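To start, the structure itself, in structure tokens.
Each reported figure results from applying straightforward, stated rules to the coordinates on display, with no laboratory input. Predicted, not measured: the structure shown is a model, and the values here were computed from it. As a convention, Cβ positions derive from the backbone with ideal geometry for all residues, glycine included, and neighbour counts pool all protein chains shown.
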């Protein structure tokens, strides 16, 4: 069964963990033991039952009511599986948010309808990052509708304000959906709510289902395997790696980059068994004939007639989390590559989407930058192959940002 990764975005306290907890219960994915445990914690804290406690595993998270790290929970609906990736909404945990969102295929943003909460800078920052990371399908769940009397007027007010920003940063109108919900009350999640009779659309899980079906119809693209190294076989070495695009078959002629060597695939193994083909998502072991070099980790195996570009200078859009010092490097497909220079061309305000001529990287903002690497690497636009268009930057040993080549 194919699993669609859903990245949950949003400001802290807007209800992501509560939403997942309610969905786990309403789809039957939460065990009775887990529900009883959440009920017991709720009693200890003198609270009404809190669905978020089904998800938040650590006592300090329950006490602080804030999710610290990315959390993954799986639900099923109409024969499809969804992995809900709850990413932290607190500004100080932005690195964890980026890590979680980078695995998403569809973005699910929670925005509180409460008058004193609503759309915040962090709401917009999460949207900006998700679009920058290539997420193009967006579902906005306007949450806490129970706190505003299930008001259609308030829902439409949030929708109007947020749409302006969403379309400005590059989301297409036909790929954005707004759904009113109450995660705490479990309203309009799996079944249509009688309290939201004015809403003519589907409940949240059916909107997710429709988008997942559309997402599943994407073409695989050209062959791209990220090599992880080599292991010994009976008579020769096998190159091991993960197929991130396309497929590979026995007898195919391939190129290994950046060495530029060519080889023929003589044998393919998946999970220790010989196969004729390796497909997207599989870890494969390939026996190759040819001269392709021995520095394999981080190399890309591609079809010999359709190769990615080799570049040592790349123009990136970077979300900045730290300062760029003298000792800056990028992590690219598991390999550290030194940066000779990082030249900021202009900065971008992540809460408005506006570009400015300032040539300084501001923390928690974005920037267009030209990065000179110490050697050439195989790159491709992020929108085509994520793994070949994403660069994680470190400076003076600390996480400094994530950049995409598009």
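Okay, here's what the table says:
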| read-out | value |
| --- | --- |
| Dimensionless Rg over Rh [segment 309-404; C-alpha; Kirkwood] | 0.94 |
| Rg and Dmax [Cα atoms of segment 200-329; Å; Rg one decimal, Dmax integer] | 18.9, 64 |
| Peptides ranked, highest mean first, by Cβ atoms within 10 Å: ranges 121-133, 353-365 | 121-133, 353-365 |
